[in-house]
Structures are given as structure tokens and as C-alpha cells.
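Encoded as C-alpha cells, the structure appears first; notes follow it.
The values are calculated or read from the model by the stated rules, or taken from the named source; none is laboratory data. These figures come from a predicted structure and were not determined experimentally. FYI the Cβ positions are ideal-geometry reconstructions off the backbone, even for glycines, and counts take in every protein chain you see. All accessible areas refer to the heavy atoms of the entire protein, side chains included, with ligands and DNA or RNA removed. Shrake-Rupley method; radii C 1.70, N 1.55, O 1.52, S 1.80 Å.
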Amino acid sequence: MRGVVSRRSGRRALLALVSALFVFVPRIHAASGRDGAAREAELKAAYIVNIARFVEWPAEMFASPEAPVVIRIVEAREFPPQTLEALSRQQVKGRRIEVRDFEASGDGPCHIVYCNSAKPGVLRSVLDAFADKPVVTIGDEPGFTDLGGMVMFFRQGAKLRLEVNLVAKRRAGVGVSSQLLQVSRVVEVGS
């Protein structure tokens, strides 16, 4: 059963998230010079970076203090090359971000998986592969959190919003800042 957890208004958390977006999105947008679908991809890339800023991974997830935060993207073609390059120039908690194509990156380290695939079976296999690992799964397919994903993008009017599944978060064993939860729709789905 899908249960919605109440949330307090997080004015400071929202300001932190929004101000971080204002720093990141213009850099990507200037790099791409495109609108429409490219702008949507830029916005999602900015959200992914900012989600990473509000997550704590177990120390053993990093081979060294200099190890990057690795983001693997399923079907990366949604993102223009300029957006991926701008994303790779970002840092999270003093670590550079490394973006990899999901299919090409094999079994290497991974901290975030963004799955934008609506292909039958692809979404389920990705979620199954990372179900009990300290990996943040992010998607935009309706019902993503119902399937066990941790963070889902959704539209509320013209605004891009986040839904966070606390069951998936606990199962993965990662920490998620209360600031992120305050600006998200929080659910508990799964077992």
C-alpha cells in the first residue's frame, strides 16, 4: 500500500535547493544554447547534481578520498553532449562527478543511476540490479517509486518536482538530508 508521509514546510531547504539550481542550470544552458527537450534534460541534470549534494553514502562506496561520484545514465541519449560535459565538470562534497553510459560502463563503481527508459523490462532489471546496494536510483517514469525506485521526477503543473521513496532509501542504506525530504513528496512504497 502506498502511504504518504507528512512533511514540514522546508523554506530554508527549498531556498538551498533552488539557489543551487540557479548556479548549475545557467552553466548548462549557456553550454547547450538549446530549448525544449534539451532544457528539460538540463533541468534534470541539475536536479541530479543537487540530489547528490543531499545524500550520504557509506564510506566504503569510495575507493579513496579523491574518488568521484559516479552517475550512470540508462539510455543517455536524452542528454545533449554539452549537458553531459557540464554535468561532468561539477563537484559534490569535494568530489568530481563522473558520468558514464549505463550500458557501456559494466560493473564499475556507481553512486547514482538515472533511468529514463520506458522499455519493457529495462526499468525492472535496473531496479532489481541495485535494489539492495547503496545506490540512489532516479527516474521519471510514472510509478518509478512504486517499482522500488528511490527518487522520481514528476510534473506538478509547469514545475519539476521530486518524490522520494523512504523504503528504497532504507533498503539502499544511504542517508538523505531532511532538507531534500522537506522539498519532496515523501512516500513509503514496498517492503
Being at pLDDT 95 or above, touching a Leu at 6+ places or on another chain (Cβ under 8 Å) and over 14 Å from ILE51 (Cα atoms) narrows VAL187, VAL99 down to just VAL187
Taking segment 175-191 and keeping residues crowded, with 20+ Cβ neighbours inside 10 Å and more than 15 Å from THR145 (Cβ to Cβ) leaves VAL183
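If a residue must be in a helix (DSSP H, G or I) and either under 16 Å from MET150 (Cβ atoms) or acidic (Asp, Glu) (or both), how many such residues does segment 67-78 contain? Let's see the steps before the verdict.
Taking segment 67-78 and keeping what is in a helix (DSSP H, G or I), we get 76-78.
Applying the additional criterion that residues be either under 16 Å from MET150 (Cβ atoms) or acidic (Asp, Glu) (or both) yields 78.
Within segment 67-78, residues that are in a helix (DSSP H, G or I) and either under 16 Å from MET150 (Cβ atoms) or acidic (Asp, Glu) (or both) number 1.
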Those residues of segment 54-64 which are closer than 18 Å to GLY175 by Cβ and either open to solvent by 80 Å² or more (accessible area, probe 1.4 Å) or hydrophobic (A, V, I, L, M, F, W, C) (or both) amount to PHE54, VAL55, GLU56, TRP57, ALA59, GLU60, MET61, PHE62
Scanning segment 139-158 for residues that are within 15 Å of ALA52 (Cα to Cα) and either in contact with a helix residue (DSSP H, G or I) (Cβ under 6 Å, 6 or more places away or on another chain) or open to solvent by less than 10 Å² (accessible area, probe 1.4 Å) (or both) gives GLY139, MET150, VAL151, PHE153
Among the residues of segment 41-66, the number that are under 12 Å from the mean Cα position of the chain (by Cα) and not in a helix (DSSP H, G or I) is 2
VAL69 vs (1) under 24 Å from GLY36 (Cα atoms); (2) of a type outside the set (Ser, Thr, Tyr); (3) in contact with a Lys or Arg (Cβ under 9 Å, 6 or more places away or on another chain); (4) in contact (Cβ under 8 Å) with a residue 40 or more places away in the chain: all pass except (1)
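Identify, from the list ARG96, ARG161, the residue that is in a strand (DSSP E or B), more than 25 Å from ALA37 (Cβ to Cβ), open to solvent by 70 Å² or more (accessible area, probe 1.4 Å) and not aromatic (Phe, Trp, Tyr). I'd like the intermediate steps shown before the answer.
Numbers: ARG161 fails: more than 25 Å from ALA37 (Cβ to Cβ).
It is ARG96.
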Check: Is one or more of the residues making up segment 79-86 on the phi < 0 side of the Ramachandran plot, charged (D, E, K, R), part of a loop (DSSP other than H, G, I, E, B) and at pLDDT below 95?
Finding: no
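So, in segment 70-83, exactly how many residues are within 16 Å of the chain's Cα centre (by Cα) and either more than 23 Å from SER125 (Cβ to Cβ) or open to solvent by 60 Å² or more (accessible area, probe 1.4 Å) (or both)?
Applying the first criterion (within 16 Å of the chain's Cα centre (by Cα)) to segment 70-83 yields 70-76, 78-79, 83.
Subset that is either more than 23 Å from SER125 (Cβ to Cβ) or open to solvent by 60 Å² or more (accessible area, probe 1.4 Å) (or both): 83.
Within segment 70-83, residues that are within 16 Å of the chain's Cα centre (by Cα) and either more than 23 Å from SER125 (Cβ to Cβ) or open to solvent by 60 Å² or more (accessible area, probe 1.4 Å) (or both) number 1.
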